[in-house]
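Here is the structure we will look at, set down as structure tokens.
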Amino acid sequence: MENKVTIIDYGMGNLWSVASAMKFLGANPVVSNDPIEIANSNCLVLPGVGSFRRAMETIKAKKYDQAITEALTNSKTKLLGICLGMQLLGASSTEDGETPGLGLVPNLVTRFSSNNVIKIKIPHIGFSEVKSPKNSSLFANIPDNSCFYFVHSYFMEIANYDVTKSHFAIATHGTDFVAAIESGRICGTQFHPEKSQKSGLQLMRNFLERF
């Protein structure tokens, strides 16, 4: 298991609940807003709640994007994005206007919509079933269709995913969307594993031990 886990603090994350879960699993979580420490870490967690645009503005202003890119030049570095943190891994989001993301995965992020045909509550809040991919390291020892806790109004679209290089889990809220991604050593969950009870803790354990 990776012992030191650097949780990136850019002012928009549920840092301490993530840190508490990591500590429970035997890791040594360190909350950091230091680009140098981030760049030199080989186990990163990017949490987040709130506006995609504001998050990216802060990340670029503080040069956290450069630090993450530098860290990932090490072939042993792994990264887990959680909730907004997973969305930030994508190509762009329509939230508060079109905003480029970190571009670590090619998918786009857009808002849920409700109409006369499909009526859904926005934001999507609560436990929902997740259909996990086959041969996934992230979902190892987790039964398919397990439930995880979501809180979000925007989602990552399934289109543009290269299934030969990546795995993705799917959930449904009016439409199918990416619930989790696994692309090499870059992972993300739209749901909050730290709030998803036994299945969420197992997923975090898998991230620490299997990547």
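In terms of overall dimensions, region 1-91 has a Cα radius of gyration and Dmax of 12.1, 34 angstrom. The charge dipole of region 1-91, taken about its Cα centre with unit charges on the Cβ of Lys, Arg, Asp and Glu (plus for the first two, minus for the last two), comes to roughly 100 debye.
Comparing mean-square fluctuations of L15, L46, L84 from a GNM of the chain with C-alpha springs under 10 Å, the top value falls on L15.
Across D144, D96, D176, mean-square fluctuation computed from a Gaussian network of the chain (C-alpha pairs under 10 Å connected) peaks at D96. Apolar share of the accessible surface for the chain: 49 percent from carbon plus sulfur atoms, 1.4 Å probe. Among the listed pairs K23/K131; K4/K76; K23/K198; K119/K195, which have their C-alpha atoms separated by more than 19 angstrom in this model? Going by Cα-Cα distance, K23/K131; K119/K195 fall outside the 19 Å limit.
Think of the chain as having a plus end and a minus end, set by charges on the Cβ of Lys, Arg, Asp and Glu; of S153, A19, P106, A19 sits farthest toward the positive end of this dipole. Pairs of Cα atoms nearer than 8 Å and 6+ residues apart set the relative contact order; for the chain it is 19 percent. Considering only beta bridges that DSSP places wholly inside the chain, some 60 percent are antiparallel.
The C-alpha radius of gyration of the chain, expressed as a fraction of 2.2 N^0.38 Å, stands at 0.94. Shown here is the pair-distance distribution of region 75-193: with all Cα-Cα distances grouped in 5 Å bins from zero up to the longest one, the shares run 2, 12, 23, 25, 21, 11, 5, 1, 0, 0 percent. Computed over the chain with a Gaussian network model linking Cα atoms closer than 10 Å, the most mobile of V31, V178, V45 is V31.
Given their separation in residues at 0.36 nm each and the Cα-Cα distance between them, I125 and E157 gain 9.7 nm when the chain is fully extended.
Considering Cα pairs under 8 angstrom that are at least six residues apart, work out the relative contact order of region 106-210 and quote it in whole percent.
Relative CO of region 106-210 lands at 30 percent.
Sequence-distant contacts, meaning Cα pairs under 8 Å at least 6 residues apart, place the relative contact order of region 3-104 at 27 percent. The residues of the chain present an accessible area of 45 Å² per residue when probed at 1.4 Å with all protein chains retained.
Positive-end ranking of N42, F191, S32 along the dipole of the chain, with charges on Cβ about the Cα centre, is headed by F191.
The values are calculated or read from the model by the stated rules, or taken from the named source; none is laboratory data. No experiment lies behind these values; they were computed from the predicted model shown. Positions of Cβ are backbone-derived with ideal geometry, glycine not excepted, and every protein chain shown enters the neighbour counts. To get the accessible areas, we keep the full protein, side chains included, count just its heavy atoms, and leave off ligands, DNA and RNA. Shrake-Rupley method; radii C 1.70, N 1.55, O 1.52, S 1.80 Å.
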